[in-house]
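Here the structure is laid out as structure tokens; the discussion comes afterwards.
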């Protein structure tokens with residue numbers, strides 16, 4: 001296996017080769033993107049980052065982050081369930097806190113232990129991180145976490161498929177022993193979800209005794225409608241192979257049957273009217289609140305329905321940026337109710353200074369404007385994120401004032417992490433016209449790595465790149481290929497067990 005510290009291909013060689021062949025490779029990629037179900041928001045993959053993140057030391061570091069942070073999240077959630085006093089230390093939006101109190105009460109009432117509740121809520125995690133440092137010593141810092149380990153997978157999977165159409169990348173993949181790009185993370189997610197369904201034997205057997213197949217459904221809230229549903233439909237093959245029904249349903253189109261199970265009157269994908277036995281909680285709390293009237297069936301029955309919803313509603317706590325801010329900034333005497341000194345040290349090492357914006361820290365944010373970023377705690381996709389270094393003093397001070405006035409749980413501040421600039425060549429399919437090609441040029445970009453943790457194990461990563469400081473798939477960031485971690489004993493599997 002080659003030394004992955006040295007890039008096997010580079011942007012300049014790629015441009016030269018493409019020009020020599022009339023950009024035929026680019027044309028193939030664009031044509032491919034037009035035929036796939038993924039809603040490709042952006043562009044192309046970075047070149048120099050791929051060998052770097054596939055370096056053994058970087059992968060080992062991501063493995064440690066996945067296992068370590070998953071364990072910390074689990075311990076904090078377990079204490080959150082057990083102790084109302086510990087719960088009160090979290091400065092959450094009142095409506096969310098009230099909902100979580102009800103969720104805990106209902107889960108405990110049906111016999112779920114605190115550890116089981118925590119494990120279920122954190123079963124599918126993604127940690128967003130930035131990579132910096134030299135090729136010999138990579139520092140990785142985590143800026144956010146999410147309870148949905150699917151974000152970006154479809155996009156990066158099909159980007160990987162497209163990259164295979166370039167001979168340079170195909171040689172890189174072959175010499176590096178990479179498996180089908182991103183496919184293994186799909187496999188792992190589906191295997192874990194199916195195992196979770198089968199572990200609920202009473203629900204599984206209830207469906208069989210009624211003479212029908214167990215029904216799995218993604219419960220979503222997509223303003224974009226069917227375009228995102230088509231990406232999730234890619235998972236149908238896994239569930240069909242296990243003798244299950246499969247669907248994608250909008251939370252606004254749900255009904256409750258006489259059997260206590262959810263049904264969809266108008267699914268985005270799949271058959272209508274079939275009782276839903278297992279529902280994957282692909283929802284975000286802020287969206288539910290925004291559409292609360294249209295989601296009244298779901299919200300009104302979430303604690304009493306017979307449909308097995310997973311991850312359980314405590315996943316909404318993980319999603320909220322105030323969760324990470326609270327545990328990162330909590331007094332050591334308080335957080336030690338859940339975490340050991342080693343846990344606290346690890347958390348401070350990999351998560352930069354993060355706290356809820358309030359009058360208490362207003363002076364720090366004002367004085368060190370260029371060193372901080374402010375984010376709405378409950379939004380996603382880069383919405384409302386502002387880097388102090390990107391705005392003038394008056395705009396920054398106005399945001400601080402608005403954040404302080406909005407309430408202590410509405411905004412979080414985080415010390416800015418230095419990210420390596422990487423070389424990318426943006427290729428936007430929507431800019432192509434018949435017989436014409438856009439100007440292709442090497443561009444410096446920032447990057448974010450999504451580290452996937454499935455069942456507390458590191459399962460792989462994907463990368464996105466963006467020209468601005470806010471790197472988000474929601475606003476034209478470049479999609480990049482994913483890689484799966486498939487090795488035993490802490491080494492890369494050159495036989496193809498691990499793939500990009």
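The values are calculated or read from the model by the stated rules, or taken from the named source; none is laboratory data. Quick caveat: nothing in here was measured; it's all calculated off a predicted structure. With ideal geometry, Cβ positions are generated from the backbone for all residues, glycine too; neighbour counts draw on all protein chains shown.
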* For the range 247-258, which residues satisfy the criterion of being buried (at least 22 other Cβ atoms within 10 Å of the Cβ) and touching a helix residue (DSSP H, G or I) at 6+ places or on another chain (Cβ under 7 Å)? -> 248, 251, 254
* Among 246, 239, which is part of a strand (DSSP E or B), over 25 Å from residue 98 (Cβ atoms) and at pLDDT 95 or above? -> 246
* To do: Scan (1) within 23 Å of residue 78 (Cβ to Cβ); (2) buried (at least 16 other Cβ atoms within 10 Å of the Cβ); (3) modelled with pLDDT of 95 or more for the single condition residue 278 breaks and write down its number.
  => (1)
* To do: Within the range 313-328, identify whether any single residue is in contact with a helix residue (DSSP H, G or I) (Cβ under 6 Å, 6 or more places away or on another chain), in a loop (DSSP other than H, G, I, E, B) and over 22 Å from residue 146 (Cα atoms), and answer yes or no.
  => no
* If we keep just the residues of the range 165-178 that are surrounded by fewer than 19 Cβ atoms within 10 Å (Cβ to Cβ) and not in a helix (DSSP H, G or I), which is modelled with the highest pLDDT? -> 165
* Out of the range 329-345, which residues are in a helix (DSSP H, G or I) and out of contact with any helix residue (DSSP H, G or I) (no Cβ under 7 Å at 6 or more places or on another chain)? -> 329, 333, 334, 341, 342, 345
* **Residues that are surrounded by 18 or more Cβ atoms within 10 Å (Cβ to Cβ) and under 19 Å from residue 298 (Cβ atoms), drawn from the range 223-245** => 228, 229, 232
* **Of all residues in the range 281-299 being in contact (Cβ under 8 Å) with a residue 40 or more places away in the chain and within 20 Å of residue 259 (Cβ to Cβ), the one that is surrounded by the most Cβ atoms within 10 Å (Cβ to Cβ)** => 298
* Asked: If you scan the range 347-364, which residues turn out to be within 15 Å of residue 325 (Cα to Cα), touching a helix residue (DSSP H, G or I) at 6+ places or on another chain (Cβ under 8 Å) and assigned to a helix (DSSP H, G or I)?
  -> 347, 348, 350
* Considering every residue within the range 186-205, establish whether at least one is closer than 17 Å to residue 453 by Cα, at pLDDT below 90 and in a strand (DSSP E or B). => no
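Residues that are assigned by TED's automatic domain parsing to the domain that holds residue 462 and either crowded, with 20+ Cβ neighbours inside 10 Å or at pLDDT 95 or above (or both): list the helices (runs of 4 or more DSSP H) wholly contained in the range 50-144 that include at least 2 such residues.
In the range 50-144, 56-82 are the helices (runs of 4 or more DSSP H) which contain 2 or more residues that are assigned by TED's automatic domain parsing to the domain that holds residue 462 and either crowded, with 20+ Cβ neighbours inside 10 Å or at pLDDT 95 or above (or both).
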* To do: Please verify whether the range 282-291 includes one or more residues that are at pLDDT below 95 and in contact with a strand residue (DSSP E or B) (Cβ under 8 Å, 6 or more places away or on another chain).
  => yes
